[in-house]
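J.: This structure is in C-alpha cells; I'll ask about it shortly.
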Amino acid sequence: MRKLILLLSGFVLGCIRIAVAGLPSENIFLLSERSTVSVLTCSKTSKYSYTLFGHSAVRITDQERQLDLVYNYGTFDNSDPNFYINFLGGRMKYCLSVSAYYSFLQEYIKDQQTVSTQKLNLTLKEKNKLFILLNEQLKPRNKYYYYDFIRNNCATKIVDLLAQSIGPDFDHSLAVANRGPGNPIRTLVSNYLTNDALYMIGMNVLLGNKADRSSSKAVNLFLPDTLQKRLGNIQLQRRKLAEPVVFLFISGNEEHLYSNVLTISLYSFLLILMLISPFIEKFSGANKLMMWVTITIFTMVSLLGFLLLCLSLFSSLELVKYNLNLLWCHPFYLLVFFKKLSKPLAVIFLTSIVVFVILYFKTMSFPVILPILILLIVLLSLHYNASAGNQVKGVNTI
C-alpha cells in the first residue's frame, strides 16, 4: 500500500512538473548556460490602429529548463469602452504578460505580420538578472504601467530592461549609438502612414506643437524597427550586443500602394463638393441643401476641435498639447450662423487657416490635409459672400 501511495505521489508530482515547466513560478529558478535571450520585432499593419507602428517583445528559451516564453509589454484590454479616451488622455494602462512562444508567433502569422528575431549576446549573469527582473515585473503589483506612445511603450520598456540587466556598459554604448539629431516625431509618424491617408490625417491632427521639434536619435527608439536597428549597432566593451536579424515569418501581404476605398470615397466627395459649391446659387432649392451640408461639416470639425482643445488642456500626453491644428480645427465654426458674427468670424477663421497653411505646407503630411482645408475655405467664403449679399439687399430695401 505504501509503495502504491509513493508511486501515485510521484506520478502526480511529475504531471505537475510537466504542466508548469513552460511557465515561471513564484520561486523562480535560474537559467542555464544553454539559455538564450532574443528581441522579437513584428512589422506594422493597418489592420488595427494599435499595430500601425509594429511591436517588440522579449523571447527567452532554455532547453534544459524546457522553456520557450515571450514577455510582452504591449498587453491591454481593447474591449474597455473608455479605451480611446484613456489612451488619448494618457491614462491607458498596459501591462507585462507572458505567453508560450508558439502561441505568440501564431497570432502574428494570422494577422500576416512579418516577425524577426535578434539574439542578444548576454552573459549568464545578465540573462538571469533580466529573467529575474521580468518575473518580478510580472507580479500583479508591478505588471501595470501607464502607456505613453513615445516614452513608455513596448520598445522603450525593453531598452529600460536591458539597461537594468547589463548596466553602465549598455548605457554608454547606447548613448554612442544615439549620437546626432533625430527627425521630428511628426515626420517619423508620417513616414509610417504614407499609404494610409485616413490614419495620416488622424495622427497629424492629434499631434501638437512638440511633435514638430527636432529630436535626438534616442527619442526614435519608441519605434520597434528603429530599436531593432539600434540594437544591431551597439558595441559593448568586448562584444557586439545583438547578432544579425533572422526572419521567423515573412508576410506575403505587402502594404497597399494606394489608399483604401473609404479614403478614395472621402476625397472624391470633397472634390465634387468643391467643384459644384460656387454654382450652388444658380440651382433652385440647392441653397437649402448646401446649408445643411455646411452645418454638418462645420459640426463635425467643431466636435473634433473640441476634442483637440480638451486634449491640449487636460491630457497628460505631452505630444497632444499646444496643438496648432486648432487654427483650423476648432470648436467655434457654428458661431458663423449668427448674423451679427457671421462676416467677422468668417474672416478670422479664413485668416487662421491661411496661417496654418504657411506654418505647415512644407511637411509631408500637409498634402493629405489640404483638401479638407480647401473645403473649409470654400464653405467659409460662400458663407461670407451670402452674408454680404444679404446685407446689401437689406441696404437696398431701405
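J.: If you roll a 1.4 angstrom probe over the protein chains with everything in place, what fraction of the accessible area of the range 110-203 belongs to carbon and sulfur, to the nearest %?
T.: On the range 110-203, the fraction of accessible area on carbon and sulfur atoms equals 54 percent.
J.: Using only C-alpha atoms and all pairs of different ones, pull out the Kirkwood radius for the range 63-116 in Å with one decimal.
T.: 13.3
J.: Of the peptides 215-228, 335-348, 42-55, how do they stack up when ordered by the mean number of other Cβ atoms within 10 Å, highest first?
T.: The densest-packed peptide leads the list: 215-228, 42-55, 335-348.
J.: How far apart, in nm, are the 7 Å Cα→Cβ label points at Arg213 and Leu359?
T.: Each label point lies 7 Å from its Cα, and together they span 1.5 nm.
J.: For Ile132 and Lys93, what is the calculated FRET efficiency with R₀ set at 30 Å and r taken between the beta-carbons, to the nearest 0.05?
T.: After rounding to 0.05, the efficiency reads 0.80.
J.: OK, next. For a bin width of 5 Å, list the pair-distance distribution of the range 302-384 built from all Cα-Cα distances, rounded to whole %.
T.: 3, 15, 22, 24, 20, 11, 5, 1
J.: Figure the gain on full extension for Tyr48 and Asn195 (residue separation times 0.36 nm, minus the Cα-Cα span) and round it to one decimal in nm.
T.: Extra length available between Tyr48 and Asn195 comes to 51.5 nm.
J.: For Asn287 and Tyr145, calculate 0.36 nm times their separation in residues minus their Cα-Cα distance, and state this gained length in nm to one decimal.
T.: Full-extension gain reported as 45.8 nm.
J.: Using 0.36 nm per residue, how much length does the chain from Ile272 to Arg179 gain when fully extended, once their Cα-Cα distance is taken away?
T.: Full-extension gain reported as 28.6 nm.
J.: Using 7 Å Cα-to-Cβ label points, what is the Lys125/Asp68 separation (nm, one decimal)?
T.: The modelled label-to-label distance comes out at 3.1 nm.
J.: Ok, one more. Under a 1.4 Å probe, what is the accessible area of the range 112-265 per residue, stated in Å²?
T.: Per residue, the range 112-265 has 50 Å² of solvent-accessible surface.
J.: Across every pair of different alpha-carbon atoms, what Kirkwood hydrodynamic radius in Å does the range 41-198 reach?
T.: 17.4
J.: Here's another thing I want to ask about it. Could you check the simple spin-label distance between Leu303 and Phe366, using points 7 Å along Cα→Cβ, in nm with one decimal?
T.: For Leu303 paired with Phe366, the spin-label model returns 3.0 nm.
J.: Moving on. Cross-link candidates for Lys339: which lysines have Cα within less than 28 Å, leaving aside residues fewer than 8 places away along the same chain?
T.: Of all the lysines, those that pass the test against Lys339 - Cα under 28 Å, at least 8 places apart if same chain - are Lys282, Lys288, Lys393.
J.: At a Förster radius of 30 Å, what calculated FRET efficiency corresponds to the Cβ-Cβ distance of Cys310 and Ala100, to the nearest 0.05?
T.: E between Cys310 and Ala100, to the nearest 0.05, is 0.10.
J.: Report, as a whole number in µm² per second, the diffusion coefficient that Stokes-Einstein gives for the range 100-162 at 10 °C and 1.306 mPa s using the Kirkwood radius over alpha carbon pairs.
T.: 113
The values are calculated or read from the model by the stated rules, or taken from the named source; none is laboratory data. Just so it is clear, the model here is predicted, and its values are computed rather than measured. Virtual Cβ from ideal backbone geometry, glycine too; neighbours counted across all protein chains shown. These area figures cover heavy atoms from the full protein model, side chains too; ligands, DNA and RNA do not enter into them. Shrake-Rupley method; radii C 1.70, N 1.55, O 1.52, S 1.80 Å.
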